[in-house]
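These notes concern the structure reproduced below.
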Amino acid sequence: MPGSPTRQESGPIQILKVVAAPNPDPTSLYVLLAGPADGIRVRAYTQALVRAAEVEVPGTFETGWNQVALPHGWAPDLAQGVYFLKVDPLRGGMLGFSCPPIAVYVLR
């Protein structure tokens, strides 16, 4: 339909909120998006702000709340403790805006 926005144009590439579930030992993230994304990048940082793990989850993520399943064993080298997750939206290979990092707990 002429004049109607395409999926790529239907909102900013921005994460408004992220919730890890369960916490401790998250297996999924619930991500509130301002616009659609075709991937989510998750980076885990130690309390000393050293990057300890990174994973990209491809998919079709729509505006609103989305469940992002973390791949099994996505961070096998994380020791027990507190980590900060920085979650970024991806669209067409471009990085969008993320919300502040969230704290998660890893129990081994």
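FYI, it's all coordinate maths here, none of it is from the lab. Treat the numbers as computed from the prediction; the structure is a model and nothing was measured. A quick note on method: Cβ atoms are made from the backbone with ideal geometry, for glycine too, and the neighbour counts reach across all protein chains shown.
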Practice task
Under 15 Å from a label point 7 Å along Cα→Cβ of Thr46: give me every residue in segment 87-108 with its amide N that close.
Solution key: 106
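Note down the relative contact order for the chain as a percent, whole number, built from C-alpha pairs under 8 angstrom at least six residues apart. Mind showing how you got there, number by number?
Values: 265 pairs, mean separation 34.1, N = 108.
Relative contact order of the chain: 32 percent.
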Fill in the blank from the handout: Scalar couplings 3J(HN,Hα) for segment 13-18 by Karplus 6.51 cos²θ - 1.76 cosθ + 1.60 (θ = phi - 60°), nearest whole Hz, x for Gly and Pro, are 7, 8, 9, 8, 7, 9
Fill in the blank from the handout: So Thr27 and Leu95, fully extended at 0.36 nm per residue minus their Cα-Cα distance, gain in nm 22.2 nm
